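Participant: Quick one: the structure is below, questions incoming.
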Amino acid sequence: MTNDPPLYKTLIMGELVQITAFSIGGNNPHGRVDAPVARNGGGDLTIRGTGLAGALIALARKLTSDEKLLRRISFGPPSEQSERRDALRKGREMERLPESLWRFHNAHPIGGEPALEVRSGVGIRQDTGAAATGLKFETETVPAGTRWRFLMEVDDYREGRTNARALALCTLREWEEGHCFLGRDVARGLGWMGLRDVQVRVLSTEHRGDWPNAYKTPEAAFNALSHIEPLSDEKRRECESAISLLPRQVLSGRGTIQVGGADDDAWGLDTLSLGGSESVRPMQEKVVTKASLSLPPIEKLEPDSVLAWTRPASAPDSAARPFIPGSSLRGPLRHALSWWLRRNGAVVADPNRARDREGEKDPVAELFGTVERSAALLLSDAMLEEGEDAKPLFMEQHAEDEFSAGACGPMKFNRLCLSSGRFGFRFFVEIPPESSIPDPLAGYRKLLEDLAELGDACQLPIGGGQWRGHGWVQWHWEWDKPRHSEGR
């Protein structure tokens, strides 16, 4: 029999570091963009604790089938939560919902607010691959490299055991491996994060006077607990082993997109023209000078369209650099795979037509998702790789008169594009348990290998002006070692 004091709290602190840009829904106080970033009452950028809880609980449901434990952290399964909400709306009484054993503090950027950026978005037609009418929008984003303080509490006292702590540590282990997806549009590149510098402190009831501490901020109160030794990695893994994990199948990897210079013997000029928001035009003008253009100096740099530019928060004083949003990869990839499968005799639904979505799901719908079903494939933004120099090219263009084959006077325009650059992206696929594909791991990989083969042959165009020579870039995909967990 032990005389150790009862368990009290487990505190977990770390840093959430953005791999890509990030956006989480908030109110619209200014109307400058369609989807602004969330802020608190003081105007500070905020990831609400409810958002962190939702992401971590959703991941926990994929890791364990212990419904009793899941109920203690999430108020029961989604069907039961819906039933409770309906009962409240109708004025009926139900059993009181217990407080979750997990508690999340709101997260704020470390080191102050970075300069926000606006990202343009557009819908892509499935039948033509062109921009859809009326589906143009803008999203406010926090740039890649921004760090957020993460703080989580586990109530060991009310549980009386360590299972809630073990489940928290198992799920956070996934975040530490870079598989943390928060906020909106994670399937289209936003919200890819990693958790680092994790410290775990286990408190007994002897420390109940040290936490919570109303005289200090939560971070300062946590740091004041330096007399409590953080949980070692060995002890942490021993704790995690208490959870029986479900089998999971995951495909992940990295890819590159090469603009120009893919083949020295190729004929023609491979360029990329990818439209950005007008709000980043000042950023473009500061970076793109006459001396940096791949043409002789011109009198005035006035391109009609703006490229997509970003300035990572980790290097705020550096020059802006071009990038490729994940959404600009996702739409063309879906269109190309649909075309390829139809060409080989498969039936592929058009996600924009309701009648096509009825009945049995097709592989493309499973991989890229529909309005009724989440996507299995997540694609990150493609960022300019370290040491790479993306060279802009200023092009003066015009439309020709179809009768005289001469220049049509009013149709004169300038376009800024990239003539070289190498961009890196990441992909992540979690095989859904209800997949209709007989061997889903092999089936999903085959779909991606089809895309990889087309991309290697420069047959996956992206960006604007594809039928005027832009965007026929070379893709290269690399798979990580398949993660096929049999459970524990």
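Participant: Restricting to the stretch 222-243, what's the tally of residues that are free of Cβ contacts under 8 Å to residues at least 24 places away in the same chain and either crowded, with 17+ Cβ neighbours inside 10 Å or within 30 Å of the chain's Cα centre (by Cα) (or both)?
Facilitator: 2
Matching residues to (1) aliphatic (A, V, I, L, M); (2) within 30 Å of G463 (Cα to Cα); (3) at pLDDT 80 or above; (4) part of a loop (DSSP other than H, G, I, E, B):
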residue: E113; (1), (2), (3), (4): no, no, yes, yes
residue: G121; (1), (2), (3), (4): no, yes, no, no
residue: Q126; (1), (2), (3), (4): no, yes, no, yes
residue: G129; (1), (2), (3), (4): no, yes, no, yes
residue: G134; (1), (2), (3), (4): no, yes, no, no
residue: E138; (1), (2), (3), (4): no, yes, no, no
residue: G145; (1), (2), (3), (4): no, yes, yes, yes
residue: R149; (1), (2), (3), (4): no, no, yes, no
residue: V154; (1), (2), (3), (4): yes, no, yes, no
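Participant: Can you tell me which condition D197 does not meet? The list is (1) surrounded by fewer than 16 Cβ atoms within 10 Å (Cβ to Cβ); (2) closer than 20 Å to G49 by Cα; (3) free of Cβ contacts under 8 Å to residues at least 60 places away in the same chain, and all the others hold.
Facilitator: (3)
Yes or no, residue by residue, for (1) at pLDDT below 90; (2) surrounded by fewer than 15 Cβ atoms within 10 Å (Cβ to Cβ); (3) out of contact with any strand residue (DSSP E or B) (no Cβ under 7 Å at 6 or more places or on another chain):
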{"site": "H207", "(1), (2), (3)": "yes, no, no"}
{"site": "A220", "(1), (2), (3)": "no, yes, yes"}
{"site": "L245", "(1), (2), (3)": "yes, no, no"}
{"site": "R248", "(1), (2), (3)": "yes, no, no"}
{"site": "I257", "(1), (2), (3)": "no, no, no"}
{"site": "A262", "(1), (2), (3)": "yes, no, no"}
{"site": "L295", "(1), (2), (3)": "yes, yes, no"}
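Participant: Another question, if that's okay. Among (1) modelled with pLDDT of 85 or more; (2) surrounded by 19 or more Cβ atoms within 10 Å (Cβ to Cβ); (3) more than 27 Å from D210 (Cα to Cα), where does L52 come up short?
Facilitator: (3) is the only condition that L52 fails.
Participant: Could you please give the count of residues in the stretch 459-476 that are out of contact with any Pro (no Cβ under 6 Å at 6 or more places or on another chain) and farther than 20 Å from G253 by Cα?
Facilitator: 10
The values are calculated or read from the model by the stated rules, or taken from the named source; none is laboratory data. On a predicted model such as this, the values are computed, not experimentally measured, just so you know. Counting neighbours? That spans all protein chains shown, and the Cβs are built from the backbone with ideal geometry, glycine included.
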